[in-house]
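Data first, discussion second: the structure below is written as structure tokens.
The values are calculated or read from the model by the stated rules, or taken from the named source; none is laboratory data. What you are looking at is a predicted structure, and each value in this text was computed from that prediction instead of being measured. Cβ coordinates were reconstructed from backbone atoms using ideal geometry, including for glycine residues, and neighbour counts include every protein chain displayed.
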């Protein structure tokens, strides 16, 4: 039986096993999906174990950039972003992909049927870089604590700019899309005061905001959409989105 898992820290809250194991059953694939909690400094000592046990794995915080030296081939998109969230063994080689970007692109494509405003990304880490790539060619502002970090990740994007959290808090904003890529333990409510006329896209799915917005897109949407792409990479089968939601909410 083939084995797959999600690696990162923390992963005990992850709904990925629930979703992927449901899909394995749905497609009659003899495989299992689990969790491996691995801190950033532990990866170099555990990578051999992972490669011996698993046929593939998803990568979450804080390992999406740290995994790159341990894959043999990296997909062009993942290479440009500098972030890998899906790894697959093919023959004797390990290949790294970024399916988060495909999930984000699908979300923005759906939004843009009724929206034509500006985008604001909270954060400047790996998920922010992925979101920036998904919004290539659009007006985007990266909102971050350290402008040096923000300016570094927008170098390839001529329509992107940066501002600090303090500047964003003072911004009179409406009809925009705010994408939260900050770590789970960061409370974004102070940044959203007075911004109830905006759409919030959340990369996290463990917290539901208690403040008003015009539309809230939970991180569950991204979880399912990127998960579909990972599953397809591993198995050649593409589940429908509704089945992913069924798996994680039943």
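Do we have residue 169 as surrounded by fewer than 21 Cβ atoms within 10 Å (Cβ to Cβ) and touching a residue at least 24 places away in the same chain (Cβ under 8 Å) here? In short, yes.
If you filter the range 57-80 down to residues that are surrounded by fewer than 24 Cβ atoms within 10 Å (Cβ to Cβ) and in a strand (DSSP E or B), you find that the one that is farthest from the chain's Cα centre (by Cα) is 73.
Do we find a residue being outside any helix (DSSP H, G or I), farther than 23 Å from residue 128 by Cβ and over 19 Å from the mean Cα position of the chain (by Cα) anywhere in the range 213-233? Looking through the range 213-233, none of the residues is outside any helix (DSSP H, G or I), farther than 23 Å from residue 128 by Cβ and over 19 Å from the mean Cα position of the chain (by Cα). Considered as a group, the residues in the range 236-248 that are in contact with a helix residue (DSSP H, G or I) (Cβ under 8 Å, 6 or more places away or on another chain) and part of a helix (DSSP H, G or I) include one that is surrounded by the most Cβ atoms within 10 Å (Cβ to Cβ), and that residue is 244.
The single residue among 207, 195 that is crowded, with 18+ Cβ neighbours inside 10 Å, assigned to a loop (DSSP other than H, G, I, E, B), at negative phi and not assigned by TED's automatic domain parsing to the domain that holds residue 19 turns out to be 195.
Selection of the range 1-14 for residues being surrounded by fewer than 19 Cβ atoms within 10 Å (Cβ to Cβ), in contact with a helix residue (DSSP H, G or I) (Cβ under 8 Å, 6 or more places away or on another chain) and within 16 Å of residue 231 (Cβ to Cβ) yields only 3.
For the range 31-45, indicate whether the set of residues that are out of contact with any strand residue (DSSP E or B) (no Cβ under 6 Å at 6 or more places or on another chain), within 25 Å of residue 236 (Cα to Cα) and part of a helix (DSSP H, G or I) is non-empty. Checking the range 31-45: not a single residue is out of contact with any strand residue (DSSP E or B) (no Cβ under 6 Å at 6 or more places or on another chain), within 25 Å of residue 236 (Cα to Cα) and part of a helix (DSSP H, G or I). Put simply, of 95, 47, 121 the only residue that is within 16 Å of the chain's Cα centre (by Cα), at pLDDT 95 or above and buried (at least 17 other Cβ atoms within 10 Å of the Cβ) is 121.
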